[in-house]
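Heads up, the thing below is written out as C-alpha cells.
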Amino acid sequence: MRSGVKVAVIGGVFAVVVGGVGYGAYNVLDGLGDSGVGGGTDTKATSSEVKTGPVTKDEIADTSKKFLAAWAKGDSLVASELTNNKGDAEPALAGYSESAHVTKAVITPGQATGSKVPYTVKATVSYKGATKSWSYASELTVVRGLTTGKALVDWLPSVIHPDLGRGESLETGESKTASIEAVDRSGKVLTKEKYPSLGGILDELRKKYGQKAGGTIGVETWINSANADGADKTLLTLVKGKPGRVPTTLDANVQAAAESAVKKYEKSSVVAVEPSSGAIRAIANNRADGFDAARLAKVAPGSTMKIVTAAMIIQNGLGSANSPVACPSTVPWEGVTFHNLDDFSMTDGPTLKRAFARSCNTAFIKPILPLGGAKRDTALGNEASQYFGIGRDWQTGIPTWDGEVPPSQGAETAASFIGQGKIQMNPLNMASITATAVNGRFLQPYIVPQSLDNRTFAKASPLPGGVSAQLKEMLHYTATSGEGTATAAMANVGENKGGKTGSAEIDGHATSDSWFTGFSNDLAAAALVQSGGHGGTAAGPVVAEVLRAGP
C-alpha cells in the first residue's frame, strides 16, 4: 500500500483508498507521515526522562489513532514505528496490500476498554479482475515501551486480523488446493458457518483430499499456516472453484447437538464415536484460543480411565464386576497416600461395580498391589495399547492424538490407575475407549472412508470373553443406580446407556478438569471441560445432550 495511497476522513472514519481512487485526501492527524510521528519503536530513548507506569487514557487514544491512521494511509514504516516491534510489524503491514491485495479499507475504531482499542475493518480485496468485500473486527493494545517509555501498540499479528498467529501471513491468489464440499453420512453439506467447530477440520480435509475429490481451484484470501504440515485457513472467496465431494462419517444431527452442548461451558470439547464401526459422528469445541482439544489435547483423563483399569483388574484375575473390594478412605503406595474425594469410604461390602459407580479411587489402587513391581508398572499401558488401541498411530483422515499411557514407577503407577500421573488423553481417545468397552473390540476411529486413500487402520486384540459384558454392566450401573456418579447427568438419556465421571487435578489449576464419557445404543461420547470441576456437573450434561441426538 505504499504507492498511490490516499487517506480520507468520512464522518470521522479512517479510510484507505489505493490507486488514487476515492474521496479526496486529508491528513487525519497533524504531522502524519513526517518525522514528528515516527520514532516510537521500543529502542533506547534519546530523552533523559523516560516515562514509567501504566499508559494514560490520552496516550491510548493518541497512539491508537496515529497507528490506525498510518495503517489506513498505507504507510507501513510509520505504523510500525508506533509499535513495540518494528521488525515484525513493518513487513506484515506492508503485506496487507502487497500480498493480501487489499485495495481499499475503512477502519472504524471503537470505544477503548482500558488499554484495549477495538476496531472494525471494511475492506475490498482485488486480484486479477476479481473483487470482493471483506469485513472483520479486531483490536489492539497500547503499552508503555520498556526502554523508550513511549506509548506503543503491542505488536501481535492479530492486530491485522484476529485469526492471524505468529509466523503466519495473509495472502490472496489462486488457491493452493481445490475446493471441497464435505458431506455427512447422509449427504448433507457441512459448512463452518453452520458448524463452527468443523472449520479447521474442513480446511484439513480440503488440503488432503481436495485434488483426489476432483475439485478445481478458485481465487481466495487465506492465512498461510505457520506449520509446514498445517492447513491454510481460507478467510474470503473471491472466485469459487468447483468443489470436489468429500464424504465424511459425521452425522449432521449429532454434530449440531455437539455444537450446542459445548456452548454451555468455556474450554469444553466433545467427540462422539459409533462403537460398531469406529466412525466419528461429531467433534466440537468451545474455546477462545481455537485449539481443537477434542482430538488434539494431551491431558490427564481422571477417573474415566478406570474403564481401562477395571479391564486390567478383570484380565489379571484381581477382581470382577461383582467381586468384593475394599474401599477405604485412603490407601498408601510406596510412601504416598492416595485419597477418595472428601475421604469417603464404603464399609458395607462393596463390589468392584459399586466402587466404580461411586468412583472410589482406593478400590482401583489397592487390588493391584499384589501384581509386583515391574508388571504393575507396565500393566495399564499394555492393557490400553493391546486391547484399547491407545498409542497405535490412528489414521483417522485428519491429524489426531491417539493417547499415551507410558510406563511409570512408584507413586506415578498408582496415580495412573485413576487417570493421573503421566497419562495423556483427549475426548476422542476416551470416546474410543468407551466404544471399545461396549463393542468388545477396538475399531479405530475415522472421519473419512478408508477407501478414499487406502490408508492403514490401527488394530488391537479383542477384549477376552466376558470382559466387555462386565464393563458394560459397570457403566450401566454407574448411569442408572442411586449411588452412581453418572446417574444425574444421564437421567434423560434412553434405557440402553452407561457412563463414567472423572475429575483430573492439573498442576497450577485451582479447579480440576471435568471429564465424562458414556454411551447410548450405538453411540459413545466423551467430553472435557477444562477447569470445570466434577465430571457429572459440567462434562456430563455435554455428553448427555450429544447422546440424545443419536440413534
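Does Ile160 fit the bill of being in contact (Cβ under 8 Å) with a residue 24 or more places away in the chain, outside the structural domain of Thr56 (by TED's automatic domain parsing) and buried (at least 17 other Cβ atoms within 10 Å of the Cβ)? So Ile160 fails the test. Please go through (1) crowded, with 17+ Cβ neighbours inside 10 Å; (2) more than 19 Å from Glu483 (Cβ to Cβ) for Ala363 and return the number of the only condition it doesn't satisfy. Unmet condition: (2). In this structure, Thr249 does not qualify as closer than 30 Å to Gly550 by Cβ, in a loop (DSSP other than H, G, I, E, B) and without any contact (Cβ under 8 Å) to a residue 24 or more places away in the chain. Are any residues in the range 477-514 surrounded by 13 or more Cβ atoms within 10 Å (Cβ to Cβ) and over 21 Å from Ile418 (Cβ atoms), and if so, which ones? Answer for the range 477-514, where residues must be surrounded by 13 or more Cβ atoms within 10 Å (Cβ to Cβ) and over 21 Å from Ile418 (Cβ atoms): Thr480, Ala488, Met490, Val493, Lys497. For Gly440, the stated conditions do not hold, so it cannot be described as out of contact with any Pro (no Cβ under 7 Å at 6 or more places or on another chain) and small (Gly, Ala, Ser).
Quick test for you: out of Ala231, Ala257, Ala261, Ala252, pick the one residue that is farther than 23 Å from Ala524 by Cα and not β-branched (Val, Ile, Thr). It would help to see each step written out before you state the result.
Values: Ala257 fails: farther than 23 Å from Ala524 by Cα; Ala261 fails: farther than 23 Å from Ala524 by Cα; Ala252 fails: farther than 23 Å from Ala524 by Cα.
Only one candidate passes the filter, namely Ala231.
Residues in the range 87-103 that are more than 31 Å from the chain's Cα centre (by Cα) and either farther than 20 Å from Asp163 by Cα or free of Cβ contacts under 8 Å to residues at least 12 places away in the same chain (or both): Thr103 alone. Say we look at the range 287-317 and pick out the residues that are surrounded by fewer than 23 Cβ atoms within 10 Å (Cβ to Cβ), of a type outside the set (A, V, I, L, M, F, W, C) and over 19 Å from Gln444 (Cα atoms); which of these is farthest from the chain's Cα centre (by Cα)? Of everything passing the filter in the range 287-317, Gly317 is farthest from the chain's Cα centre (by Cα). When Lys242, Lys212 are checked against the criterion of being of a type in the set (D, E, K, R), touching a residue at least 40 places away in the same chain (Cβ under 8 Å) and touching a helix residue (DSSP H, G or I) at 6+ places or on another chain (Cβ under 9 Å), Lys212 stands alone in meeting it. Please name all residue pairs, on different chains or six or more residues apart, with Cβ atoms under 6 Å, provided the first residue is in the range 357-373 and is assigned by TED's automatic domain parsing to the domain that holds Asp342 and the second residue is of a type in the set (D, E, K, R). Close Cβ pairs (under 6 Å, with a partner that is of a type in the set (D, E, K, R)) amount to Ala357/Glu483; Arg358/Glu483; Phe364/Lys306; Ile368/Arg376. Counting only helices (runs of 4 or more DSSP H) that fall entirely inside the range 57-148 and contain at least 2 residues that are out of contact with any helix residue (DSSP H, G or I) (no Cβ under 9 Å at 6 or more places or on another chain), the qualifying elements are 57-73. Scanning the range 433-449 for residues that are more than 11 Å from Ser276 (Cα to Cα) and not hydrophobic (A, V, I, L, M, F, W, C) yields a total of 3. When Lys240 is tested against the conditions (1) surrounded by fewer than 16 Cβ atoms within 10 Å (Cβ to Cβ); (2) in the same structural domain as Leu369 (by TED's automatic domain parsing), the lone failure is (2).
Elements of the type helices (runs of 4 or more DSSP H) sitting completely within the range 339-449 and holding at least 2 residues that are among the β-branched types (Val, Ile, Thr) and within 20 Å of Ala469 (Cβ to Cβ): these cover 427-439.
Apart from one condition, Ala355 fits all of (1) among the hydrophobic types (A, V, I, L, M, F, W, C); (2) more than 30 Å from Val546 (Cβ to Cβ); (3) crowded, with 16+ Cβ neighbours inside 10 Å; the exception is (2).
Residue count for the range 47-89, restricted to those that are within 26 Å of His101 (Cα to Cα) and of a type outside the set (S, T, N, Q): 20.
The values are calculated or read from the model by the stated rules, or taken from the named source; none is laboratory data. For clarity, every value in this text was computed on a predicted model and none was experimentally measured. Ideal geometry is used to build each Cβ from the backbone, glycine not excepted, and the neighbour counts take in all protein chains shown.
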